[in-house]
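Single-structure report; data block below.
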Amino acid sequence: MVDHRGPHEGVKHLSRLNLLYLLKNDNLVLREIPLYSKRMIPIPKYHQSLLSWYGLYQRQLPWRSLPGQVPDPYHVWVSEIMLQQTTVQTVKEYYLNFLKKWPKIENLANAPLDDVFHMWQGLGYYRRARNLHKCAQMIHQEYKDTFPSEEKALLSLPGIGPYTAAAILSIAFNKPATVVDGNIERVMARLFQIETPLPKAKKEIQEKAASLTFQDSPGDYAQALMDLGSSICTPKSPACSMCPIHNFCQAFKKNPEDFPRRAPKKIKPTRYGTFFWIENDKGDVLIEKRPDKGLLAGMMGFPTSSWKEIQEQNSRPEVRLIDEESLEKGVRHTFTHFHLIGEVIIAKSRDTDGLWVSPKNLNNYALPTLMKKIRNAVQEVRQ
């Protein structure tokens, strides 16, 4: 029977001391935990401590198989792609809706890409959705709906890099692989007190993580580290006294929050652009499909100029515009590598070419967050 209590119940520690209070038969028992030197991580004890903790406090997540169940590679893959750059709490609902609509990989492979984009709205980083769809098609066509279980084959698929391949191998197929996500990266940097700042430290962290990879139960081990980083070894105010492996941790005696070290962040540049809300005589608004390459590739959106780091006279849409009006308040949006400041122009046109949609039906199209901001800005001034 799994104990679903949180990590703070039933176990009490003295912060920064190698002492542990255990609640045993309703009595507090004091036990001393040895602190190991930098070159002495007894791997069997490390694995035992971590996996024992995981057995009690593992997170209950919709994509995780229950004890005794064989993990579904499709479920593992979809969840790992969604979790890139997105929080667990946000992903839960998206994942359940996604699997309800496309329960099998062949269902996803046969779905229109626009439908996948529509389901992805709000998760951002839409290239993930495009690659997810393309990958499903390749597995459907080339692997007869059976997920490959070898690293080389996985790495040949769209959108699957070393981390995702390792996660699929370890969690779905129980094969030893070194899984290093953001949580595990932080745990390893603290465990080994790695002084090299990120991102330069990534190779060293990967090597250290590989030295500890558990051969017997790699899936549980990888997920245990993920959960540890999520609930205990957090970026701020880590609960070190609750950590099952703190006696192996070199940063424990110091300030764990100082690790991983990070190089100074580069300042994001700002780009400028113009977006056009163009209406016809019926009040319908013009939308268009963006190019298949570049930011928001293949998504639907409003006509826009190019986005440049200098403010200048921007390019115009192909339709002829009349009665142009610039909104006093534009839109701001942040991408991974730059900030965007957009002017919004409301105009009319008598041209008929293009896709004209009633504003109340815009939700039927896969509009990325940036385009929703433009729609909201126009609707706000018209209220």
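Only the coordinates and a few stated rules stand behind these numbers; no lab work does. Note that the structure is a prediction, hence the values are computed from the model and not measured. So basically every Cβ, Gly included, is an ideal-geometry build from the backbone, and we count neighbours across all protein chains shown.
Tabulated results
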| quantity | calculated |
| --- | --- |
| Cα-based Kirkwood hydrodynamic radius, the stretch 37-160, one decimal, Å | 16.3 |
| Length-normalised contact order of the chain in % [C-alpha pairs under 8 Å, at least 6 apart] | 16 |
| Longest site-free stretch - the chain; sites: GluC sites (Glu not before Pro), DSSP loop, at most 14 other Cβ within 10 Å | 10-149 |
| For the chain, size of Cβ-based charge dipole, Lys and Arg +1, Asp and Glu -1, in debye | 1160 |
| Kirkwood Rh and Cα Rg combined as Rg/Rh, the stretch 209-311 | 1.27 |
| Cα-based Rg and Dmax for the stretch 12-258, where Dmax is the largest Cα-Cα distance (Å) | 19.6, 61 |
| Taking the convex hull of Cα positions in the stretch 117-212, its mean projected area over all directions (nm²) | 7.5 |
| Listed residue pairs exceeding 30 Å between alpha carbons, taken from LYS236/LYS265; LYS200/LYS289; LYS308/LYS372 | LYS200/LYS289 |
| Per-bin percent of Cα-Cα distances, the stretch 270-381 [10 Å] | 13, 50, 33, 4 |
| Per DSSP, loop trypsin sites (Lys or Arg not before Pro) in the stretch 295-383 with at most 14 further Cβ within 10 Å | ARG320, LYS329, ARG350, ARG382 |
| Positive dipole terminus of the chain, leading residue within SER241, ALA129, PHE173 (C-beta point charges) | SER241 |
| Among ASP323, ASP220, ASP145: highest mean-square fluctuation, GNM of the chain, C-alpha pairs under 10 Å | ASP323 |
